[in-house]
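Trainee: The structure under discussion is supplied below as structure tokens; questions concerning it will follow.
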Amino acid sequence: MDPIANPDLLIQQLKALIANPEVFSTQGTEIIQLSRQAAVALEGPFETFQRLAYSALPLVSARVAQEHNIFQTLVENKDEPTSVAVLAEKTNINPVVLDILLDYLSTQFMVEEVSPQHYKATKLSNILVAPLFIDGVLHFHDNCLPAFNALNYSLAHPTDPRTPFEIGHDSPVDFYTYLESHPIQGAAFHRFMEAQFASLPTWLDVLPFDSEYAASTTPETPTFVDVGGGNGQQCVALQKKYPALQGRIILQDRPAILEKAITPDSVERMPYDYLVEQPVKGARAYYFRQIFHNNNDETCHLILAAHLPALSPSSVILIDDKVLPDAKPATGSVEYTAGLSLAMKAMFNALERREGQWRTLLADAGLEIREIRRYTDFGDSIIVAGRKA
Ligand SMILES: C[S@@+](CC[C@H](N)C(=O)[O-])C[C@H]1O[C@@H](n2cnc3c(N)ncnc32)[C@H](O)[C@@H]1O
């Protein structure tokens with residue numbers, strides 16, 4: 001029998017949760033999912049429309065608040081409320097406009113109005129002053145939002161070869177080339193990419209690289225080639241994990257990216273366009289982290305074809321990317337990965353692939369998947385592939 005609905009009890013419980021969320025944290029994910037579903041179930045057409053109509057504003061108002069150090073000022077003042085007049089002086093934003101902005105931010109719990117025209121920091125203000133989230137908000141606002149905006153036009157004009165990113169930014173070049181002439185957005189993107197994964201497990205936690213791929217190597221052996229390796233953080237992580245690893249460790253990317261690499265001299269830096277034939281032959285591993293999810297199947301085939309001539313019988317291709325399950329979870333799709341896949345479409349005309357899509361992609365390129373090792377709950381995985389036997 002269904003439990004009897006008791007709105008008063010529910011309200012009491014929700015208030016208890018807001019006052020002491022830690023008591024509910026063991027079932028936090030389920031409660032968040034259910035409370036969102038409950039809010040949608042309760043809302044009428046007006047609320048539904050408002051939710052959709054203003055959906056860009058939380059990100060936009062957070063970006064404005066960060067740009068003008070509003071959260072920082074409130075956090076520094078701790079429990080002492082700050083007046084709109086003081087904030088107007090510090091931010092140089094017109095007090096009337098600032099009042100509107102703070103009013104909206106308070107509806108999103110990003111600040112709290114404790115008395116008329118006086119605000120203090122909330123849990124969210126404290127989160128949004130962290131460098132990771134300053135960079136993340138800037139990246140999604142400045143780089144992604146115009147691309148999301150162009151998704152509808154792009155899907156309605158399938159013969160337009162441009163990505164939604166290129167349409168939305170009216171950019172003649174792809175996202176990565178665009179970043180080279182937009183240093184603030186570029187630096188924020190690269191820092192965000194690095195920091196968001198810093199506290200998570202990595203492929204090195206599930207793949208014993210030294211014993212499986214670097215046995216009996218010499219100093220001349222090309223042991224690890226990090227293709228499109230960005231600033232080289234994975235080369236550094238590999239060396240840290242295996243300080244005695246023998247052989248060449250090579251970081252490949254565009255010249256402008258290599259200039260900012262963080263690798264020591266023991267890592268070779270090699271400018272390389274992954275669409276042309278791989279010049280390093282017979283390496284033990286060609287490693288691609290977050291490369292394929294930036295590219296459509298056609299370009300992935302070009303990348304793989306550029307690597308086939310380099311593969312020796314003992315070479316493997318390591319793909320470090322999300323592998324989403326073919327069957328959707330019983331609890332429903334996960335918003336984070338579903339949103340990420342749509343973001344890949346908007347930015348690159350690409351996607352986060354499901355396991356079956358990976359198998360088809362690699363088989364069509366003449367490769368076989370030897371194993372897939374997952375290392376996070378969100379499907380982050382290392383795919384080990386080699387030439388078909
Ligand atoms: C999402 S980032 C991933 C960087 C790195 N693998 C990591 O996981 O931190 C994609 C990288 O691909 C590089 N890239 C894009 N197009 C490329 C190309 N044609 N040849 C080589 N690298 C390229 C970019 O410069 C960027 O560093």
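The values are calculated or read from the model by the stated rules, or taken from the named source; none is laboratory data. From a predicted model like this one, the values you see are computed outputs, not experimental measurements. Cβ atoms come from the backbone with ideal geometry, glycine included; neighbour counts cover every protein chain shown. For accessibility, only protein heavy atoms count, side chains too; no ligands or nucleic acids. Shrake-Rupley method; radii C 1.70, N 1.55, O 1.52, S 1.80 Å.
Trainee: Whole-Å semi-axes of the stretch 138-269's equivalent ellipsoid, largest first, each the root of 5 times a Cα gyration tensor eigenvalue?
Mentor: On the way: eigenvalues 255, 46, 44 Å².
With the √(5λ) rule applied to the stretch 138-269, the semi-axes are 36, 15, 15 Å.
Trainee: Also: If you bin every alpha carbon distance in the stretch 38-83 into 5 Å steps from zero, what whole percent lands in each bin?
Mentor: Percent of pairs per bin, in order: 5, 18, 16, 14, 12, 12, 15, 8, 0.
Trainee: Quick one: helix 57-67 against the long Cα principal axis of the chain, what's the angle to the nearest 10°, folded into 0 to 90?
Mentor: For 57-67 against the chain, the angle is about 80 degrees.
Trainee: For the chain, which whole percent of the accessible surface, found with a 1.4 angstrom probe, sits on carbon and sulfur atoms? Don't skip to the end; give the middle numbers.
Mentor: Details: 12560 of 21290 Å².
Percent of accessible area from carbon and sulfur atoms in the chain: 59.
Trainee: Divide by every residue of the chain the summed helix terms, -39500 (n - 2.57) for each DSSP H run of at least 4, and state the resulting mean residue ellipticity at 222 nm, rounded to the nearest 500 deg cm²/dmol. Could the numbers behind the result be given before it?
Mentor: On the way: 20 runs with 179 residues, N = 389.
Value at 222 nm, helices only, nearest 500: -13000 deg cm²/dmol.
Trainee: Going down the list K240/K281; K322/K388; K260/K345; K123/K260; K120/K345; K78/K240, which pairs span over 30 Å between their C-alpha atoms?
Mentor: Working: K240/K281 25 Å; K322/K388 23 Å; K260/K345 28 Å; K123/K260 35 Å; K120/K345 39 Å; K78/K240 39 Å.
Table pairs above 30 Å Cα-Cα are K123/K260; K120/K345; K78/K240.
Trainee: Treating the angle as unsigned and between 0 and 90°, give the value, to the nearest 10°, between the Cα long axis of helix 183-196 and the longest Cα principal axis of the chain.
Mentor: Taking Cα atoms only, the helix is inclined about 80 degrees.
Trainee: Taking N as the number of residues in the chain, what is its Cα Rg relative to 2.2 N^0.38 Å?
Mentor: Compactness ratio reported: 1.15.
Trainee: Something else now. How much accessible area per residue does the stretch 57-128 have, counting only protein heavy atoms and a probe of 1.4 Å, in square angstrom? Spell out each step's value before the answer.
Mentor: Working: 3980 Å² over 72 residues.
Roughly 55 Å² per residue, with all protein chains present.
Trainee: Averaged per residue, what accessible surface does the stretch 203-387 expose to a 1.4 Å probe, in Å²?
Mentor: Details: 8020 Å² over 185 residues.
Dividing the accessible area of the stretch 203-387 by its residue count gives 43 Å².
Trainee: May I ask you to derive the FRET efficiency for T360 and L9 from their Cβ-Cβ distance with R0 = 41 Å, giving the value to the nearest 0.05?
Mentor: Numbers: r = 51 Å, r/R0 = 1.24.
Efficiency for this residue pair is about 0.20.
Trainee: Where nothing but the Cβ of Lys and Arg (+1) and of Asp and Glu (-1) is charged, how large is the charge dipole of the chain around its Cα centre, in debye to the nearest 20? Working shown, then result.
Mentor: On the way: 30 positive and 47 negative charges, 158 e Å.
For the chain, the charge dipole is close to 760 debye.
Trainee: Helix 355-364 versus the longest principal axis of the chain: what is the Cα-based angle in degrees, 0 to 90, to the nearest 10?
Mentor: 30 degrees
Trainee: While we're looking at this one, here's another question. Give, in nm to one decimal, the length gained when the segment between Q50 and K90 is fully stretched (0.36 nm per residue of separation minus the Cα-Cα distance). Mind dumping the intermediate values first?
Mentor: On the way: separation 40, 0.36 × 40 = 14.40 nm, distance 3.17 nm.
Fully extending the segment from Q50 to K90 adds 11.2 nm.
Trainee: Taking every alpha carbon pair in the stretch 210-314, what does the distance histogram look like in 10 angstrom bins from 0, in percent?
Mentor: P(r) for the stretch 210-314, in whole percents per bin: 15, 49, 32, 4.
Trainee: Apply the a/c threshold of 1.5 to the C-alpha gyration tensor of the stretch 238-279 and tell me whether it is rounded, prolate or oblate. Before the final figure, lay out the partial values.
Mentor: Numbers: a/c = 2.97, a/b = 1.60, b/c = 1.86.
Oblate is the answer for the stretch 238-279, as a/c is 1.5 or above yet b/c matches or exceeds a/b.
Trainee: Once the principal axes of the Cα atoms of the stretch 57-128 are found, what is the range along each, listed largest first in whole angstroms?
Mentor: So the extents along the principal axes, rounded to whole Å, are 25, 24, 19.
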